[in-house]
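See below for the structure under consideration.
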Amino acid sequence: LARFLTIHADTLFADGHGEQVGRAVRELAKRGADVPVLVGRVQGMLLRQRGMPGARELFLTALQIAKQQGDEESIFALRVQLLWGALDSVDPEVVGEISGFVQEADALGMQQRSTALILLGWTKTIEGDYATAVEKAAAADELGAASAVLRFRAALLYAYAATCLGDFARADAKMSELLRDLEPSEHVVLLCCALFWYARLSLLWGDSNAAADYARLGTALGRDLNLQTELANVYYVLVDISAGAGERESCARAAAVLQAHAAVAWYAPDRTRMAAHSQQMLARCAFVGGAPAEALQI
């Protein structure tokens, strides 16, 4: 069981079984199994999914033990988790670490190389080199074709970078392809996150009707799966749509949820700007609803 969970932890989380994996790992430890690396990795992933602090510390401790044990598979998985967590810092040191990671991954299997390329693609996006990011996403998609998780990550990078280039049609086509890929599958977490991102990107493309449809499809699913760090994404969209329509009650509800989840959003800039965005949308809603003085006050 420990071996199975070590190999399939990422896929099990993608299928919505993160909580069950956590219970299984706790049961293993309770029965005397020596699995500190697996415990740290899974507990860290659960904390990150719930938007709670402490994941990085658990990953670092587990990584140190994995290195002592020579557990290369866990070392790679934990380094990936740590790099995902560090990506949003726009720190040159992190960029350098990811570049080194990509070079190391070249000697490994296709899925490891795909993962490294996706991380590199996001650093290129953060640096503003969107064309290179699209190239990395396409290459990662080809290498990671056997993994739904990697296809999902590559598609998000591709659509995000294409959007930044202003090529909305290409970004939309990639997200539509991703949804068709995920809808008949068991990867419910990936499907939910894809709907949230499709909603947010559709808002940027100016298609508020599509954004509303994708957001509402994903909202109940996100709550059922306890995807606290992702809920900020979808309420960012819902508050914007309600504001544009002048729907005061629904805008206020969405703004309250957005403010409550802003602090645990996955992306660091979102954590600092989403609370302000909710207030901007309340002001916009008041203005659209015919209350300019109230809007000005907000």
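Brief remarks on what is shown
- The angle separating the long axis of helix 18-30 from the principal Cα axis of greatest extent in the chain is about 30 degrees.
- Highest mean packing first, where packing is the average number of other Cβ atoms within 10 Å per residue, the peptides 30-43, 250-263 line up as 250-263, 30-43.
- Choice from THR125, THR272, THR219 showing the highest fluctuation, given a GNM over the chain with Cα pairs closer than 10 Å: THR272
- For the chain: relative contact order, % (alpha-carbon pairs under 8 angstrom, 6 or more apart): 12 percent
- Under the Karplus curve 6.51 cos²θ - 1.76 cosθ + 1.60, θ = phi - 60°, whole-Hz ³J(HN,Hα) for the stretch 259-264, x wherever Gly or Pro sits: 4, 5, 9, 4, 5, 10
- By the Cβ-Cβ criterion of under 4.7 Å, the unpaired cysteines of the chain are CYS164, CYS192, CYS193.
- If you look at the Cα atoms of the chain, you get an Rg and a Dmax of 20.0, 66 Å.
- For the chain, built as a Gaussian network whose Cα springs stay under 10 Å, the top-fluctuating residue of SER242, SER114, SER147: SER147
- Residue-averaged 222 nm ellipticity for the chain, from DSSP H runs of 4+ at -39500 (n - 2.57), nearest 500: -27000 deg cm²/dmol
- Simple point charges give the picture: +1 on the Cβ of Lys and Arg, -1 on the Cβ of Asp and Glu, and for the chain a dipole about the Cα centre of about 700 debye.
- Among ALA55, ALA138, ALA24, residue whose mean-square fluctuation peaks in a GNM of the chain (springs only between Cα atoms under 10 Å): ALA24
- A prolate overall shape is assigned to the stretch 189-298, the ratio a/c of its alpha-carbon gyration tensor axes (a ≥ b ≥ c) being 1.5 or greater and a/b exceeding b/c.
- Whether the stretch 115-225 is rounded, prolate or oblate, judged on the alpha carbon gyration tensor where a/c under 1.5 counts as rounded: oblate
- For peptides 159-165, 205-211, 279-285, sequence by mean Cβ density within 10 Å, most packed first: 159-165, 279-285, 205-211
- With only Cα atoms counted, the stretch 85-162 has Rg and Dmax values of 11.4, 32 Å.
Since every read-out is calculated from the coordinates, none of them should be taken as a lab result. Source: prediction; values computed, not measured. When we count neighbours, we look across all protein chains shown, and the Cβ atoms used for this are built from the backbone with ideal geometry, even at glycine.
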